[in-house]
Amino acid sequence: MTLATMNLTPRVGTEIKADAKALLSGSAAAEIRALLEQRGVLIVRNIGLEDAQQLALAKALGTVRFGTVRKETQDGNVTVDKESEDGIFKVTFDKTQNPMYAEYLLGTFCWHMDGTFEDVPPLASILTPRVLSPTGGQTEFANTYAAYEDLPESEKTFLDGLEVVHTMEANYREVVPNPTVDQLSDWRTYPQKTHPLVWHHRSGRKSLVLSSSSTQVVGMDLKESDALLRRLKVWATQAKYVYQHQWKMGDLLMWDNTGTMHRVLRYDLECGRRLHRVTLIGEESLAAA
Ligand SMILES: [Fe+2]
């Protein structure tokens, strides 16, 4: 099947014209996966999927994640928290809807990639809006393939082989500048991970691995490392690599977590804004060259 598509910016984001029946049949799954990798973000307007349909679409595209590895105890055991029993995670600060994870969402206001505390980050996520914010709340996506591909060759050579330490504490540095002792100790239960700065994908393409969790380049002077990571984040989030999504009820949005960063623009935390997210399990290790 060939989908009708329209690019939303030259480097990132494509709108698909399709109805629920066509998408849920699975006949377009291979095409959607290829488009996700090429374009980073796919949008379908006015489709109005319900939870069961959103899950069915996700199952047609990959393997749905029903929990997330999030904690490492002091003796090194990893516990798996059920982020969502049914595969639907409610992205909201409304604690009646999202009692366990609301405060973790503060990190979503900073540019990040999901799953930098895992060896195999999620492949993609699928979002639908259920309650809109009156102002703000636009979600932005930056194409980290395009940002890498445009770097000068000398810089690509310099970056290749560098590794970066990722921590949960770094994730919240900007949004929670004065954490409590409890917050700090909770963040430190997350595994600290070291990942390559340039992801060599199985496809042969390469992308930058940047996130608010990026703390320090291994073996590099701290000042030099901060300057490099800041410079690359500014580079990768230039307007030409970014698509900003203005939510409307009925939207469906899918993004490739392995080749983009994302963030949400500030909105009133009390306004009840809620999106439903289904996440697809990753298929490719960050460490694989
Ligand atoms: Fe996220």
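The values are calculated or read from the model by the stated rules, or taken from the named source; none is laboratory data. Predicted model, so just to flag it, every value in this text is computed and none were measured. Ideal geometry is used to build each Cβ from the backbone, glycine not excepted, and the neighbour counts take in all protein chains shown.
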Self-check item: Residues (loosely packed, with under 14 Cβ neighbours inside 10 Å and of a type in the set (S, T, N, Q)) located in the stretch 4-24
Solution: 7
Quiz item: What pairs can you find where one residue is in the stretch 12-27 and outside any strand (DSSP E or B), the other is charged (D, E, K, R), and their Cβ atoms are less than 8 Å apart, with a gap of 6+ or different chains?
Solution: 12/39; 13/39
Practice problem: Taking residue 45 as meeting all but one of (1) crowded, with 16+ Cβ neighbours inside 10 Å; (2) under 20 Å from residue 141 (Cβ atoms); (3) over 17 Å from the mean Cα position of the chain (by Cα); (4) in contact (Cβ under 8 Å) with a residue 40 or more places away in the chain, write down the number of the exception. | Solution: (1)
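Residue-wise test of (1) more than 16 Å from the ligand (Cβ to nearest atom); (2) touching a Gly at 6+ places or on another chain (Cβ under 9 Å); (3) charged (D, E, K, R); (4) in contact (Cβ under 8 Å) with a residue 12 or more places away in the chain.
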position	(1), (2), (3), (4)
178	yes, no, no, no
206	yes, no, yes, yes
220	yes, no, no, yes
250	yes, yes, no, yes
Practice problem: Among the residues of the stretch 118-163, write down those that are without any contact (Cβ under 8 Å) to a residue 40 or more places away in the chain and within 16 Å of the ligand (Cβ to nearest atom). | Solution: none
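Please enumerate the residues belonging to the stretch 187-219 that are under 24 Å from residue 177 (Cβ atoms) and of a type in the set (A, V, I, L, M). Even if it seems obvious, please write down each step before you answer.
Filtering the stretch 187-219 down to residues under 24 Å from residue 177 (Cβ atoms) leaves 187-193, 210-217.
Within the stretch 187-219, 210, 217 meet the criteria.
Taking the criterion of being aliphatic (A, V, I, L, M) and touching a Phe, Trp or Tyr at 6+ places or on another chain (Cβ under 6 Å), would at least one residue in the stretch 225-236 satisfy it? Even if it seems obvious, please write down each step before you answer.
The first filter runs over the stretch 225-236 and keeps only residues aliphatic (A, V, I, L, M), leaving 227-229, 232, 234, 236.
Then keep just the ones that are touching a Phe, Trp or Tyr at 6+ places or on another chain (Cβ under 6 Å); that gives none.
There is no residue in the stretch 225-236 that is aliphatic (A, V, I, L, M) and touching a Phe, Trp or Tyr at 6+ places or on another chain (Cβ under 6 Å).
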Practice problem: Would you point out the residue of the stretch 84-104, among those that are surrounded by fewer than 17 Cβ atoms within 10 Å (Cβ to Cβ) and within 20 Å of residue 189 (Cβ to Cβ), that is nearest to the ligand (Cβ to nearest atom)? | Solution: 104
Practice problem: Name every residue in the stretch 28-52 that is over 12 Å from residue 127 (Cα atoms), of a type outside the set (D, E, K, R) and not in a loop (DSSP other than H, G, I, E, B), in order of residue number. | Solution: 29, 30, 32, 34, 35, 36, 38, 52
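Taking the stretch 251-279 as the search range and keeping residues that are surrounded by fewer than 17 Cβ atoms within 10 Å (Cβ to Cβ) and in contact with a strand residue (DSSP E or B) (Cβ under 8 Å, 6 or more places away or on another chain), which one is modelled with the lowest pLDDT?
Applying the first criterion (surrounded by fewer than 17 Cβ atoms within 10 Å (Cβ to Cβ)) to the stretch 251-279 yields 265-266, 268-270, 272.
Filter once more, keeping what is in contact with a strand residue (DSSP E or B) (Cβ under 8 Å, 6 or more places away or on another chain): 265, 272.
Numbers: 265: 98, 272: 95.
Among those that are surrounded by fewer than 17 Cβ atoms within 10 Å (Cβ to Cβ) and in contact with a strand residue (DSSP E or B) (Cβ under 8 Å, 6 or more places away or on another chain), it is 272.
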Quiz item: Counting only residues that are within 29 Å of residue 150 (Cα to Cα), more than 13 Å from the ligand (Cβ to nearest atom) and part of a strand (DSSP E or B), how many does the stretch 257-289 have?
Solution: 1
Quiz prompt | Residues of the stretch 206-250 satisfying the condition of being among the β-branched types (Val, Ile, Thr) and either surrounded by fewer than 16 Cβ atoms within 10 Å (Cβ to Cβ) or assigned to a loop (DSSP other than H, G, I, E, B) (or both) | solution = 209, 218, 234, 237
Quiz item: Hey, any hits in the stretch 197-208 for a residue that's modelled with pLDDT of 95 or more, among the small types (Gly, Ala, Ser) and closer than 19 Å to residue 173 by Cβ?
Solution: no
Practice problem: Could you check, for the stretch 64-79, whether at least one of its residues is closer than 30 Å to residue 9 by Cβ and either away from the ligand (no atom under 14 Å from the Cβ) or at pLDDT 90 or above (or both)? | Solution: yes
Practice problem: Grab the helices (runs of 4 or more DSSP H) fully contained in the stretch 105-178, keeping just those with 1 or more residues being surrounded by 20 or more Cβ atoms within 10 Å (Cβ to Cβ). | Solution: 144-149, 168-171
